[in-house]
Every structure is written in C-alpha cells, then in structure tokens.
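Undergrad: Submitted below is the structure of interest, expressed as structure tokens.
The values are calculated or read from the model by the stated rules, or taken from the named source; none is laboratory data. Computed from a predicted structure; not experimentally measured. Glycine gets a Cβ as well: all are built from the backbone with ideal geometry, and neighbour counts include every protein chain shown. These accessible areas exclude ligands, DNA and RNA; they are computed on the full protein's heavy atoms, side chains included. Shrake-Rupley method; radii C 1.70, N 1.55, O 1.52, S 1.80 Å.
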Amino acid sequence: MKVQIKPGFLFPTQFWTAELNENIKQLQNEAYLIRKNDKDGVRKSNSGSNGYHSKDIRDLTNLPGTNQLLNQIINAVNAIHQISRKGELQLTNFWINISGKGSSNTPHTHSGLTYSGVFFIRVPKEMKGGRFLFYRNFNEADFISTEYMGHFKEDYQMQGFDYPINTVSPKENMLIVFPAWLPHAVEINLSDEERISLSFNFKLNRSFSRMK
Ligand SMILES: [Fe+2]
C-alpha cells in the first residue's frame with residue numbers, strides 16, 4: 001500500500017514592513033547629533049570598531065525629526081497589534097546604530113519584550129553586506145546559507161521554509177517590526193559609507209481587566 005505523506009507547517013512567523021515618509025536628511029543629522037552628545041555609546045550586539053550603538057535615548061528636546069518618527073512608529077506598531085489582540089502597548093526604549101565599514105550586529109533576541117523593530121535612516125548607495133537577517137533558530141545561526149544548501153540534493157529546488165536564515169535588504173524610510181523573541185542580526189557592512197538605523201522595543205501592558 002502506498003503511504004500518503006502530508007507536509008505541514010509549524011509556527012509560521014509573522015513580521016511586518018512599512019514604508020514611511022520621514023525627512024531622512026533631518027534624521028541623519030539628528031543621528032550624528034546623538035553620537036556627538038553620547039560619544040561612548042554602549043557595546044551590545046554591535047561588533048567591529050566602526051560600530052556605534054547609542055545608549056537608550058531619553059531626551060528628545062533637540063530631536064524633532066526623531067520625535068515625529070517615534071510617533072509614526074507608535075501608530076504603526078499599535079495598528080499591527082490591534083489587528084488581532086487586546087492590551088496596551090508601551091514603547092519601552094529606543095536607540096540608534098551607526099555602522100561603519102566592517103561593523104555588524106551578532107545574532108540576538110530582545111527577550112521579555114513584545115515587539116521589536118528597526119527603521120533605516122541611512123543606507124549606503126552601493127550597499128555591500130549590511131542586510132538584516134532573521135534566524136529560524138539560534139542552533140542554526142552558525143550555518144551560512146551556502147553550507148546549508150550543501151545539505152540538499154543538487155537538483156532540489158529550495159523552498160522558503162527550508163532556509164534557516166531570511167534576509168531583508170534595508171531601504172531608507174523602511175520600517176520592519178517583528179516579534180521580540182525572533183533571533184536577528186545585521187551582516188557586516190562592506191560598504192565605505194555608514195549605515196544608520198533606529199531600533200526600538202514595545203512591551204504589552206498586561207494589566208488589562210480580568211473576569212470577576
Ligand atoms: Fe536587535
């Protein structure tokens with residue numbers, strides 16, 4: 001008897017993108033102002049001597065473009081959340097990354113939070129590397145795609161669900177939002193130009209009313 005094998009999918013993961021219409025030049029200037037006022041920044045997932053990661057930004061007094069961008073991000077993430085869920089979201093923190101040649105961000109998650117995301121303020125004109133990477137699983141994060149492809153037969157056409165890594169090519173004014181638990185990273189910037197992004201986290205306020 002011929003056995004019928006049925007393929008299925010477990011845990012498909014949603015993420016969201018949007019193209020905003022922010023004043024990119026102003027945001028670039030404000031990013032350099034943030035770095036000027038917080039030269040040391042912090043070391044987190046940023047790797048390479050040319051990778052700047054600001055501290056969490058708490059004062060938007062001289063950053064009107066960034067302030068407006070955050071309002072757009074809050075609207076977008078609330079709209080995403082409220083498609084299917086209840087509860088109040090709270091923007092918990094945000095920071096910028098200025099990534100020079102040779103810098104990258106190693107795989108990590110923003111665990112304990114609800115949504116995370118990134119907005120691209122500057123993307124090199126001739127972008128080499130610097131793509132945003134999503135990993136299905138940390139255990140697969142060491143595979144580079146060509147090695148991984150070696151695990152398949154030569155004539156096999158890879159499907160989207162076979163990939164352990166998915167890439168998104170950044171564009172200026174592009175917003176990406178994803179679940180905070182999803183492992184992600186940034187490829188090494190191989191371009192001579194800097195790449196600038198603003199990242200953020202949202203947390204769900206779980207104090208909504210319970211049934212009595
Ligand atoms: Fe991150």
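Undergrad: Rounded to two decimals, what is Rg over Rh for the chain when you use alpha-carbon atoms and the Kirkwood radius?
TA: 1.02
Undergrad: What relative contact order, as a whole-number percentage, does the chain give when Cα pairs under 8 Å and 6 or more residues apart are counted?
TA: Relative contact order comes out at 33 percent.
Undergrad: Computing the accessible area with a 1.4 Å probe over protein heavy atoms, can you report the carbon and sulfur percentage for the stretch 38-196?
TA: The C+S portion of the solvent-accessible surface of the stretch 38-196 is 47 percent.
Undergrad: Moving on. Suppose R0 equals 30 Å. What FRET efficiency, 1/(1 + (r/R0)^6) with r the Cβ-Cβ distance, do TRP16 and LYS44 give to the nearest 0.05?
TA: 0.80
Undergrad: With the other protein chains left in place, how much accessible area per residue, in square angstrom, belongs to the chain at a 1.4 angstrom probe?
TA: 64 Å²
Undergrad: So how do 69-77, 156-164 stack up, highest first, on mean other-Cβ count within 10 Å?
TA: Ranking, from highest mean packing down: 69-77, 156-164.
Undergrad: State, to one decimal in nm, how far the label point of ASN23 lies from the label point of HIS151, with both points 7 Å from Cα in the Cβ direction.
TA: 4.9 nm
Undergrad: Of the listed pairs LYS36/LYS101; LYS44/LYS203; LYS55/LYS203; LYS39/LYS203, which have alpha-carbon separations greater than 25 Å here?
TA: LYS39/LYS203
Undergrad: Per 0.36 nm of contour for each residue apart, how much would the distance between GLU126 and ARG85 grow if the chain were fully extended, relative to their Cα-Cα spacing?
TA: Gain on extension, GLU126 to ARG85, equals 10.8 nm.
Undergrad: I would also like to ask the following. Round to the nearest 0.05 the FRET efficiency obtained for ASN62 and ASN137 when R0 = 30 Å and r is the Cβ-Cβ distance.
TA: 0.10
Undergrad: Which whole-number percent of Cα pairs in the stretch 1-121 have a distance greater than 20 Å?
TA: Cα-Cα pairs in the stretch 1-121 separated by more than 20 Å: 55 percent.
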